[in-house]
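Visitor: This is the structure I want to talk about, given as structure tokens.
The values are calculated or read from the model by the stated rules, or taken from the named source; none is laboratory data. Predicted model, so just to flag it, every value in this text is computed and none were measured. Here the Cβ is made from the backbone with ideal geometry for all residues, glycine too, and neighbour counts use every protein chain on show.
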Amino acid sequence: MDATKQEKNKALVLEAFDTLFNKRDYEAAERYWSPNYIQHSAHIEPGRDGLFNLIRNTPATLRYEHQLIVAEGDYVIVHGRFSGTGRPVAWVAADIVRIENGRLAEHWDDPSDLPELSLYDRCDEQIEQGDKRIARQPKHQKCS
């Protein structure tokens, strides 16, 4: 049985993310991102080149791991974490991608989970500062 459109789109996004973020194969990544790619994230320069340049300027230790992926029609939402960024904690993000003609055509992300706002970061800061001995808590629980 053939995979559904949603299953194909999810696989496409995961392959694209792995190719760019983990393998850093920019030539191969061009096959996944449309040359007319629209970037809606305020912290990333416009277009495909803006995203690729951002990754080129991150540490070689950058690693992306997804935790949850859902799709509806031409849209895929993937929730995951970027580690090895040079920061003391991982960057957790929800990315929304629109697929067009088998390529990533448009992107938005959830800026509420930027590292400086993340509940994980507040917990990790407390651990690093030694003011409390706590374990890392699930995102929707308070650190105490």
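Visitor: If residue 28 meets every condition in (1) in a helix (DSSP H, G or I); (2) within 15 Å of the chain's Cα centre (by Cα); (3) not acidic (Asp, Glu) apart from one, which number is that one?
Guide: (2)
Visitor: Shifting gears a bit: Using the structure shown, decide if residue 13 is in the same structural domain as residue 89 (by TED's automatic domain parsing), at pLDDT 95 or above, exposed (fewer than 13 other Cβ atoms within 10 Å of the Cβ) and not in a loop (DSSP other than H, G, I, E, B).
Guide: Answer is no for this residue.
Visitor: Name the residues in the stretch 41-68 that are surrounded by fewer than 12 Cβ atoms within 10 Å (Cβ to Cβ) and out of contact with any helix residue (DSSP H, G or I) (no Cβ under 9 Å at 6 or more places or on another chain), would you?
Guide: Within the stretch 41-68, the first condition is being surrounded by fewer than 12 Cβ atoms within 10 Å (Cβ to Cβ), and the residues that meet it are 42-43, 56-57, 59-61, 67-68.
57, 59, 60, 61, 67, 68, listed by residue number.
Visitor: Follow-up question, since we're still on this one. I'd like to know if the stretch 76-92 contains one or more residues that are more than 20 Å from residue 110 (Cα to Cα) and assigned to a strand (DSSP E or B).
Guide: Within the stretch 76-92, none of the residues are more than 20 Å from residue 110 (Cα to Cα) and assigned to a strand (DSSP E or B).
Visitor: Also, I was wondering about something else. Condition first: among the charged types (D, E, K, R) and within 16 Å of residue 80 (Cβ to Cβ). Now tell me which residues in the stretch 2-38 satisfy that.
Guide: The answer is 10, 15, 18, 23.
Visitor: If the requirement is being in contact (Cβ under 8 Å) with a residue 24 or more places away in the chain, touching a Lys or Arg at 6+ places or on another chain (Cβ under 7 Å), of a type in the set (S, T, N, Q) and within 14 Å of residue 104 (Cβ to Cβ), which of these qualifies: 41, 34?
Guide: 34
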